[in-house]
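Here is the structure we will look at.
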Amino acid sequence: MAGLYAPVRSSNSSHQSTTFTSRLLLLLTVLPLTLAAFAFVLQWRGGLNDPATRWPTDTQKFPGMQGTSPLSTNVPSGTSSASDCVEILGRSSSTSFPYYRGWKFYMSSDLRPKICITTSTTAGLEQILPWIYYHKVIGVGTFLFVEGQAATPNVSAVLQAISGVKVIFRTKELEEKQAKSRIWNETWLASFFFKPCNYELFVKQSLNMEMAIVMAQDAGMDWIMHLDTDELIHPAGAREYSLRQLLSDIPSNFDLVIFPNYESSVERDDIKDPFSEVSMFKKNYDHLPKETYFGLYKEATRGNPNYFLTYGNGKSAARVQDHLRPNGAHRWHNYMKTPNEIKLDEAAVLHYTYSKFSDLTSRRDRCGCRPTKEDVKRCFMLEFDRAAFIIASTATEEEMIRWYREHIVWNDKTLNLKLLKKGILTRIYAPMAIVQGLRESGVFTSAIASAGPSSNEKLLSFTKQNLQRSNSTVVPSSRASNSVPLPSIKRYSISVSEATARKALGIDDDVLLAVPPLSPPGLDDLHLGT
């Protein structure tokens, strides 16, 4: 009997196994389809959101963003001023950081080291805002704006609304205070007194740096730098792309950090936004083998007076400590000791010099010198600046454009490729990517909007005028009327005699001369060294 029922049991077991397998396959097929359909229905009905969109923008903060609505909500969509402003500071059609808009940049007081930058600028918002926020991204928390076009009501309204930006207005009281400052009564800066244009600016920068040291000490800063608004720090060599990280790795026995400068090498004559459009730079002598530098010197100079168009001795960061003083716009010093300095092997200051055609005429419009070889020596320290001033003052627009292309624009692709391979030229994309990302996220337009809805239209109109001025290729018929005049040095003449009297009485001032903007080594230096 057992033998008769055995086949029946085997048949039932096989049937049950087949049924179970079929049901399992059906479940595995139907379940994903059901879940997909359910998700589709939820999304179609608006019930499924990206988790990032549920973050409260009024409380969540991201370093550098202002907690304001996009600028477009405050300006009629049909106005031309809004579209013109967006050309430089506005958002592009792509959205690299769509969830950052409306957030606010902030710098925690717990982050160390704390770094501040001081500057004296006459630039407009289209240049200042990218400069500020780029340096915020790499770890700079405080900026000390001491004067310039930033002091005009429309610009200062925007700057004062940005966290960490301190605006110091150039007033009569400020000039009187600086006339009594210590460095004005010493001799190390005296050789720059009573000269116009660049010399006067150099003295003014030094006086502002002296004030910035006190402000940095009061704010608990660890490091201070002086930069112009056409310069960006490139913190190469750090474990992260961070100036804070770079300076935190500096041994405590160093007081001064030297950043060699790289110079922008523009490849077009229609650059409008250098920070976003320029990626090629000429390396500093300090970052090149001696044989490469002097071996390709003539090809890299291209008939200009020197290897660089302008200065080549870099900028520096100083550890904030007692007895610190400026030593010109490029260096710092200490009254009680010779600072122990270190020069970085990879990090650099990226100098965007003459990167726009309008830069050729801007110096002319700020200086009242006669366009002669002798008179320009009173105004400018470097040879290329003198030549550019003469061209901008005497040539027609067509001649100026031709001169600009011949002396500044790198349009010889064969030469460019050769110098790139040899290491004279280099490509640096990080600043470009950061500034473009900030623009696309709406940071700059949000900063303008943060000045208040009632002032947005005026601010946009003001920025539009500055953009038109900076991008124009038409030679102005008169000097710029809205630029802030440089302080009059003549009013401080009594201080020089006071310094002379101090010397006669045997009171010893630090006589180390201020470090001016210096050209890089030339072929004459090679011959002198051999």
* Count of residues meeting criterion [open to solvent by 20 Å² or more (accessible area, probe 1.4 Å), among the β-branched types (Val, Ile, Thr), under 20 Å from Ala348 (Cβ atoms) and part of a helix (DSSP H, G or I)] in region 407-456 -> 1
* **Residue check, Ser163 within 20 Å of Ser446 (Cα to Cα) and either open to solvent by 10 Å² or more (accessible area, probe 1.4 Å) or hydroxyl-bearing (Ser, Thr, Tyr) (or both)** => yes
* To do: Identify the residue in region 230-240 that is modelled with pLDDT under 95 and either over 18 Å from Pro260 (Cβ atoms) or touching a Ser or Thr at 6+ places or on another chain (Cβ under 7 Å) (or both) and, among all such residues, is surrounded by the fewest Cβ atoms within 10 Å (Cβ to Cβ).
  => Arg239
* To do: Would you check if there is a residue in region 186-205 being at positive phi, of a type outside the set (A, V, I, L, M, F, W, C) and either at pLDDT 90 or above or open to solvent by less than 30 Å² (accessible area, probe 1.4 Å) (or both)?
  => no
* Search result, residues across region 239-297 that are of a type in the set (S, T, N, Q), under 22 Å from the mean Cα position of the chain (by Cα) and under 30 Å from Asp525 (Cβ atoms) -> Asn261, Ser264, Ser265, Ser279, Asn284
* To do: Determine if region 186-199 includes at least one residue that is part of a loop (DSSP other than H, G, I, E, B), over 30 Å from Gln436 (Cβ atoms) and under 21 Å from the mean Cα position of the chain (by Cα).
  => no
* Structure fact -> Of the residues in region 161-185, those that are assigned to a loop (DSSP other than H, G, I, E, B) and aliphatic (A, V, I, L, M) come to Ala161, Ile162, Ile168
* **Matching residues in region 136-192 - criterion: being β-branched (Val, Ile, Thr) and in contact with a Ser or Thr (Cβ under 7 Å, 6 or more places away or on another chain)** => Ile138, Val146, Val167, Ile183
* Structure fact -> In region 117-169, anything within 19 Å of Asn208 (Cβ to Cβ) and among the acidic types (Asp, Glu) is listed as Glu147
* Hits in region 112-160 (condition: of a type outside the set (Val, Ile, Thr), open to solvent by 10 Å² or more (accessible area, probe 1.4 Å) and in a loop (DSSP other than H, G, I, E, B)) -> Arg112, Pro113, Lys114, Ser120, Ala123, Gly141
* To do: Answer yes if at least one residue in region 335-345 is surrounded by fewer than 17 Cβ atoms within 10 Å (Cβ to Cβ) and polar (S, T, N, Q), and no otherwise.
  => yes
* Asked: In region 385-406, which residues are more than 24 Å from Phe193 (Cβ to Cβ), crowded, with 19+ Cβ neighbours inside 10 Å and of a type in the set (Phe, Trp, Tyr)?
  -> Tyr404
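Rundown of residues vs (1) open to solvent by 20 Å² or more (accessible area, probe 1.4 Å); (2) more than 25 Å from the chain's Cα centre (by Cα); (3) farther than 30 Å from Arg268 by Cα, yes/no style:
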site	(1), (2), (3)
Gly328	no, no, yes
Arg331	yes, no, yes
Cys369	no, yes, no
Arg378	yes, yes, yes
Met381	yes, no, no
* To do: Please specify each residue of region 288-304 satisfying the condition of being closer than 27 Å to Ala387 by Cα and open to solvent by 50 Å² or more (accessible area, probe 1.4 Å).
  => Gly295, Lys298, Glu299, Arg302, Gly303
* To do: Could you grab the pairs with beta carbons closer than 7 Å, sequence gap of 6+ or different chains, first residue in region 441-453 and over 20 Å from His135 (Cβ atoms), second one of a type in the set (A, V, I, L, M, F, W, C)?
  => Ala449/Leu71; Ala451/Ala157; Ala451/Val158; Ala451/Ala161; Ala451/Leu459
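The values are calculated or read from the model by the stated rules, or taken from the named source; none is laboratory data. Bear in mind the structure is a predicted one, so any value in this text is a computation, not a measurement. Reconstructed Cβ throughout: ideal geometry from the backbone, glycine too, with neighbour counts over all protein chains shown. Ligands, DNA and RNA are excluded from the accessible area calculation, which covers all protein heavy atoms including side chains. Shrake-Rupley method; radii C 1.70, N 1.55, O 1.52, S 1.80 Å.
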